[in-house]
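Some notes on the structure that comes next.
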Amino acid sequence: MIISASYQATVAGLRSCAGVDEDQAAESMRRSVALASAARRDREALVAASIGPFGAAQADGSEYTGDYGLDEDALCRWHRHRFRLLANAGADLLAIETVPSLVEARALLRLLDESPVDAWFSFTCRDSERVADGTPLVDCIRAVAPHPRVAALGINCTAPDLVEPLLRQIAPHARKPLLAYPNSGETWNADARSWCGVSASVRFADLAPGWRDAGARLIGGCCRTDPRTIRALRDALC
């Protein structure tokens, strides 16, 4: 599975930061999917177009709190253009990832009805029970799982030690394939614009069999992991 480098990208953000016009910004986002597709060459791999949360585009760390002050309708309006752009960029599916709240999940679920491709939904969690804004993860899974266009459900950009207990909680409620791709265990300091703490990515190979035993069928790494992490996962699981 290859995920496009579009997680934080928006047309407005690219116009502001890169000095491009609207058409060039949109083409850059589509190109992220094209590059991911080209990278798979002849390998059997799916390409997922990454759609990150509102907080990621704000670049203020709020994707790890979900504290936006926006309701479901406002989030739906904000996401619609980039959602449509990436959904029509040629990916096999969408990676709706690092979702920090139930309200944002519901907004994105509404947009999935307008999409030509299916999606996975992946939440970022603050502890072994709750997503970033404090909502129980089980409540989020119950709200999203019944949608026929949701292909898989799970957890990403969460400390690796939390993954197994989170998976065991949601497995009875998901009824879809589960995925797990945690970060290194470090935390993002938005003020310093840097990652802080000690990386646990070297322990992924030890932890990953527990994620699989808890039901995960799509397993990988998120922020602060690298190709060595993925190779270690492969060696531990294959």
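The values are calculated or read from the model by the stated rules, or taken from the named source; none is laboratory data. Here the structure is a predicted model, which is why all the values come from computation and not from measurement. All Cβ positions, glycine included, derive from the backbone under ideal geometry; neighbour counts span all protein chains shown.
Numbers below:
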{"quantity": "Residue in the range 69-93 that is nearest to GLU114 (Cα to Cα), counting only those that are in a loop (DSSP other than H, G, I, E, B) and at pLDDT 95 or above", "calculated": "ASN88"}
{"quantity": "Residue in the range 179-200 that is surrounded by the fewest Cβ atoms within 10 Å (Cβ to Cβ), counting only those that are in a loop (DSSP other than H, G, I, E, B) and hydroxyl-bearing (Ser, Thr, Tyr)", "calculated": "SER199"}
{"quantity": "Residue ID - surrounded by the most Cβ atoms within 10 Å (Cβ to Cβ), chosen from residues in the range 94-123 that are part of a loop (DSSP other than H, G, I, E, B) and of a type outside the set (A, V, I, L, M)", "calculated": "PRO100"}
{"quantity": "Odd one out for ARG40, checked against (1) within 25 Å of PRO177 (Cα to Cα); (2) among the charged types (D, E, K, R); (3) touching a Leu at 6+ places or on another chain (Cβ under 7 Å)", "calculated": "(3)"}
{"quantity": "Candidate set from the range 3-42 (those that are among the basic types (Lys, Arg) and modelled with pLDDT of 95 or more); member that is surrounded by the fewest Cβ atoms within 10 Å (Cβ to Cβ)", "calculated": "ARG31"}
{"quantity": "Meets criteria (among the basic types (Lys, Arg), crowded, with 16+ Cβ neighbours inside 10 Å and not in a loop (DSSP other than H, G, I, E, B)) for ARG212", "calculated": "yes"}
{"quantity": "Selected residue [more than 24 Å from ASP92 (Cα to Cα), of a type outside the set (Asp, Glu), touching a residue at least 12 places away in the same chain (Cβ under 8 Å) and surrounded by 23 or more Cβ atoms within 10 Å (Cβ to Cβ)] from LEU162, LEU166", "calculated": "LEU166"}
{"quantity": "Cross-chain or 6+ apart pairs with Cβ under 7 Å, the range 206-234 first and β-branched (Val, Ile, Thr), then surrounded by 15 or more Cβ atoms within 10 Å (Cβ to Cβ) and in a helix (DSSP H, G or I)", "calculated": "ILE219/ALA208; ILE219/TRP211; ILE219/ARG212; ILE219/LEU233; THR225/SER201; THR229/SER201; THR229/PHE204"}
{"quantity": "Output for the range 72-119, where each listed residue is out of contact with any Phe, Trp or Tyr (no Cβ under 8 Å at 6 or more places or on another chain), over 17 Å from ALA143 (Cα atoms), of a type outside the set (A, V, I, L, M, F, W, C) and without any contact (Cβ under 8 Å) to a residue 40 or more places away in the chain", "calculated": "ARG77, ARG80, ARG84, ASN88, PRO116"}
{"quantity": "The range 68-87, residues that are charged (D, E, K, R) and surrounded by 14 or more Cβ atoms within 10 Å (Cβ to Cβ)", "calculated": "GLU72, ARG80, ARG82, ARG84"}
